[in-house]
Amino acid sequence: MTATMIDGRAVAAEIRAELRERVEKLRRRGVVAGLAFVLVGENPASISYVRSKAQACGEIDIHSETIHLPAETGQQELLAIVGRLNADSTWHGVLVQTPLPPQIDEDAVACAVAPEKDVDALNPVNMGLLLRGEPAFLSCTPSGIQQLLLRSGNDPGGKHVVICGRSNIVGKPLAAILMQKRPGANATVTICHTGTRDLAAITRQADILVAAMGVARGITADMVREGAVVIDVGNNRVPDASRKSGMRMVGDVDFEAVAEKAAAITPVPGGVGPMTVTMLLWNTVQAAERVAGLAG
Ligand SMILES: NC(=O)c1ccc[n+]([C@@H]2O[C@H](COP(=O)([O-])OP(=O)(O)OC[C@H]3O[C@@H](n4cnc5c(N)ncnc54)[C@H](OP(=O)(O)O)[C@@H]3O)[C@@H](O)[C@H]2O)c1
């Protein structure tokens, strides 16, 4: 392997240490940063995600609480709870874990979280502010990717960033973050998707290539320019008879072959993954700092 490994666990640990200091500074001012989670139903993955996010809060002294509601909770009841959390100054962030049961409209819930408490950045108001280049909460996985680039010495400024994937949680907000006219961004951004003709011809133009397609090893070495920086967002479970579980996690990049060509690459696991929860903590601290008059 010739590529440098971009270690998401190390970058996440560095940021969490910085956040811990900011949380302490807030406490010295009498502000306890708080994040409320709302969990509906018994989806095991959702329960486990919320538990690990709450644990991450605890590790840097953010106060959190989880409101666990039955699977049959109605939309109006959930919206009323979100409304109460919006109005409660204990909480600087409010996060409703998705997916939600079928009787609940996820978009309505995303819109109901107050934009100033929308630390998961799912409210269209934050997406709109981001696009306009105004202060906004940034979607967690994309802002984690920006931090990974910056803290690994790969400033996107002036680079051609090609993003494969246009979802509302990864591809689109990442494009909006990196295209802004400001330090740490200022990239030329191309977005690819299933309607893209000759994907490889475009990915080969990338200085920074971001794979967020949900296609196991979809980016092969012939699609990558020699010396490119490759960010793998994918989380795909594939069969692996050698594992006890019979499965293993692979990214959207054919890691071994691409690592022979790339200058730097993120592994899966241990690349983008650890950044997502870290940036949720970041947004929560930022929300509390705004309330405390400390945010820049
Ligand atoms: N590490 C993390 O924290 C984290 C966070 C979020 C997501 N993920 C992972 O990242 C991946 C993407 O997630 P997502 O939620 O953004 O996925 P998504 O909503 O399924 O969107 C996938 C995007 O990729 C495009 N795409 C799919 N196949 C393609 C192909 N063969 N060529 C070009 N474009 C293609 C789709 O195009 P169309 O729009 O044309 O359909 C779509 O825009 C998944 O593996 C997910 O598990 C990881």
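The values are calculated or read from the model by the stated rules, or taken from the named source; none is laboratory data. Being a predicted model, the structure only gives us computed values, none of them experimental. When we count neighbours, we look across all protein chains shown, and the Cβ atoms used for this are built from the backbone with ideal geometry, even at glycine. Accessible surface is based on the protein model in full, side chains and every heavy atom, while ligands, DNA and RNA are left aside. Shrake-Rupley method; radii C 1.70, N 1.55, O 1.52, S 1.80 Å.
Odds and ends about this structure:
- Measuring nothing but how far apart in sequence close Cα pairs (under 8 Å, 6+ apart) lie, relative to its length, the chain scores a relative contact order of 22 percent.
- Segment 18-73 versus segment 244-287: alpha-carbon centroid distance in Å: 22 Å
- The simple spin-label model puts a point 7 Å past each Cα toward its Cβ; for THR220 and ALA200 those points are separated by 0.6 nm.
- Pairs of Cα atoms nearer than 8 Å and 6+ residues apart set the relative contact order; for segment 209-296 it is 30 percent.
- Between SER48 and LYS244, the modelled labels are 1.3 nm apart [label points 7 Å from Cα along Cα→Cβ].
- Computed on segment 191-296, the Cα convex hull volume stands at 145 Å³ per residue.
- Adding -39500 (n - 2.57) for every DSSP H run of four residues or longer, then dividing by how many residues the chain holds, sets the calculated 222 nm ellipticity at -12000 deg cm²/dmol.
- Computed from Cα positions, the angle between helix 75-87 and the longest principal axis of the chain comes to roughly 80 degrees.
- Neighbourhood net charge (14 Å Cβ-Cβ; Lys/Arg +1, Asp/Glu -1) for ASP120: -2
- Segment 235-281: trypsin sites (Lys or Arg not before Pro) falling in loop per DSSP and having at most 10 other Cβ within 10 Å: ARG243, LYS244
- Database remark: amide H of SER64 closer than 5 angstrom to the amide H of LEU35 (H placed geometrically; neighbours at sequence offset of 5 or more, or on other chains; Pro and chain starts carry no H).
- Longest site-free stretch - the chain; sites: GluC sites (Glu not before Pro), DSSP loop, at most 15 other Cβ within 10 Å: 73-225
- Taken along the Cα-to-beta-carbon direction at a fixed 7 Å, the label points for ARG84 and GLU24 span 3.5 nm.
- With DNA, RNA and ligands ignored, accessible area of MET247 (1.4 Å probe; Å², nearest 10): 60 Å²
- Accessible surface comparison of TRP91, TRP282, probe 1.4 Å, protein chains only, largest first: the order is TRP282, TRP91.
- Helix 8-28 and the longest principal axis of the Cα set of the chain meet at an angle near 30°.
- With Cα atoms, 0 to 90° folded angle of helix 273-291 axis to the chain main axis: 40 degrees
- Segment 87-159 versus segment 186-204: alpha-carbon centroid distance in Å: 24 Å
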